[in-house]
1. Select from the range 63-76 the residues that are surrounded by fewer than 18 Cβ atoms within 10 Å (Cβ to Cβ) and assigned to a strand (DSSP E or B) and list them in ascending order.
2. Report yes if some residue within the range 77-94 is assigned to a strand (DSSP E or B) and closer than 16 Å to residue 167 by Cα; otherwise report no.
3. Those residues that are within 11 Å of the ligand (Cβ to nearest atom) and in contact with a strand residue (DSSP E or B) (Cβ under 9 Å, 6 or more places away or on another chain), I need them from the range 85-116; list them, please.
4. Within the range 39-59, work out how many residues are touching a strand residue (DSSP E or B) at 6+ places or on another chain (Cβ under 8 Å) and within 18 Å of residue 158 (Cα to Cα).
5. Assess whether residue 137 counts as being outside any loop (DSSP other than H, G, I, E, B) and closer than 19 Å to residue 108 by Cβ.
6. Does residue 137 count as at pLDDT 95 or above, within 16 Å of the ligand (Cβ to nearest atom) and under 22 Å from residue 43 (Cα atoms)?
7. What number of residues within the range 153-168 are crowded, with 16+ Cβ neighbours inside 10 Å and within 15 Å of the chain's Cα centre (by Cα)?
8. Could you check, for the range 140-160, whether at least one of its residues is part of a loop (DSSP other than H, G, I, E, B), within 24 Å of residue 52 (Cα to Cα), within 16 Å of the ligand (Cβ to nearest atom) and out of contact with any helix residue (DSSP H, G or I) (no Cβ under 7 Å at 6 or more places or on another chain)?
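The values are calculated or read from the model by the stated rules, or taken from the named source; none is laboratory data. Note that the coordinates shown come from a computational prediction; the quantities given were computed from them, not determined experimentally. Please note: Cβ atoms are built from the backbone with ideal geometry, for glycine as well, and neighbour counts cover all protein chains shown.
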Ligand code: FES
């Protein structure tokens, strides 16, 4: 074989090798592009503000669609999302506070909830009473942020209706 022919073979092999490597890298890059680098899910924990900013009684937070209740140093949060098809329920103050038995213990209720979409009605603790709503309004865990002391709700963490957060 001549030197010329050896060189041509070498160059052909080099070209083929480079082509195979290029196609392989392209394939890896294509597969990697299917995996997102970031999560586009909204965060489930939301800072709501300092506890002392909440008045005693109920405060509605439209962005979180949440009712936050304060009784002195004790807080709890109830979802305003109707369990039928997700409309935002309205809170109505009761003419007189009433006491209901919730999970075996008496609880003082100051409001009830009405859904404007299809008329579901809920008791003050979120228990569904009438209409198409299939289950009670959700209660969410509240905590205090360790860095700045704000109230934090975790909208992915449902709690029982006897949950209360007491702040110092
Ligand atoms: Fe509330 Fe239908 S969405 S009753």
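1. In the first step, residues of the range 63-76 are kept if they are surrounded by fewer than 18 Cβ atoms within 10 Å (Cβ to Cβ); the result is 63-65, 71-74.
Selection gives 71, 74.
2. Of the range 77-94, the ones assigned to a strand (DSSP E or B) are 77-79, 81, 88, 90-94.
Then keep just the ones that are closer than 16 Å to residue 167 by Cα; that gives 77.
Yes: the range 77-94 contains one or more residues that are assigned to a strand (DSSP E or B) and closer than 16 Å to residue 167 by Cα.
3. First, pick out the residues of the range 85-116 that are within 11 Å of the ligand (Cβ to nearest atom): 85-90, 113-116.
Residues satisfying the conditions are 87, 88, 89, 90, 113, 114, 115, 116.
4. From the range 39-59, those touching a strand residue (DSSP E or B) at 6+ places or on another chain (Cβ under 8 Å) are 44-51, 54-59; that's our starting set.
Those still in the list that are within 18 Å of residue 158 (Cα to Cα) too: 44-48.
Matching residues across the range 39-59 total 5.
5. Details: outside any loop (DSSP other than H, G, I, E, B): no; closer than 19 Å to residue 108 by Cβ: yes.
No.
6. On the way: at pLDDT 95 or above: yes; within 16 Å of the ligand (Cβ to nearest atom): yes; under 22 Å from residue 43 (Cα atoms): yes.
It is true that residue 137 is at pLDDT 95 or above, within 16 Å of the ligand (Cβ to nearest atom) and under 22 Å from residue 43 (Cα atoms).
7. Matching residues across the range 153-168 total 4.
8. Here is the first cut: in the range 140-160, the residues part of a loop (DSSP other than H, G, I, E, B) are 145-150, 159-160.
Imposing the further condition that a residue be within 24 Å of residue 52 (Cα to Cα) reduces the set to 145-150, 159.
Subset that is within 16 Å of the ligand (Cβ to nearest atom): none.
No; the residues of the range 140-160 include none that is part of a loop (DSSP other than H, G, I, E, B), within 24 Å of residue 52 (Cα to Cα), within 16 Å of the ligand (Cβ to nearest atom) and out of contact with any helix residue (DSSP H, G or I) (no Cβ under 7 Å at 6 or more places or on another chain).
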